[in-house]
Amino acid sequence: MNLRPITSLAYAVLIVAAIASLYLVYLLKPTSAEATAFFGIWLLLPYLILAAILAFNTRAAIDVANLVVTLFVVVGGLLFLVVVIFIRPDPQGGIAVFFTPMYQGVAMVVLIPLSRWIVGKWSA
């Protein structure tokens, strides 16, 4: 599989984000192995979806758009987790952690079509 450099960078960003998310799950210290596995898989879900989108991309023209969407989703999700866990911790923090992948999903639903529309306008 011959990857383009921008796609490789997007995969690297996803790998770093996945490791950071799993480390944040570790820092949360869930009460059981099942809870740890659930939160780990749940927080990795948006990154797996983005990786699938990158894998099925065949047009080099939208590589930059995919990288920008990946960066926005990853940075937004990780910043949200850092704020909830470290900066403003409270008893409802677990609920906020649970909603993080949903917020990332909403961001993907908005940003992916928007970025492809912008690329289409620029390349036309």
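For the range 17-38, which positions are surrounded by fewer than 12 Cβ atoms within 10 Å (Cβ to Cβ), of a type outside the set (Phe, Trp, Tyr) and over 20 Å from Ile95 (Cβ atoms)? The answer is Ile19, Ala33.
Residue-level check: of (1) hydroxyl-bearing (Ser, Thr, Tyr); (2) farther than 25 Å from Val97 by Cα; (3) in a helix (DSSP H, G or I), Thr58 misses just (3). Please go through the range 72-104 and pick out each residue that is within 17 Å of Leu9 (Cβ to Cβ) and surrounded by fewer than 16 Cβ atoms within 10 Å (Cβ to Cβ). Val75, the sole residue that qualifies.
Each reported figure results from applying straightforward, stated rules to the coordinates on display, with no laboratory input. Predicted model, so just to flag it, every value in this text is computed and none were measured. Don't worry about glycine lacking a Cβ; one is built from the backbone with ideal geometry, like all the others, and counts go over all protein chains shown.
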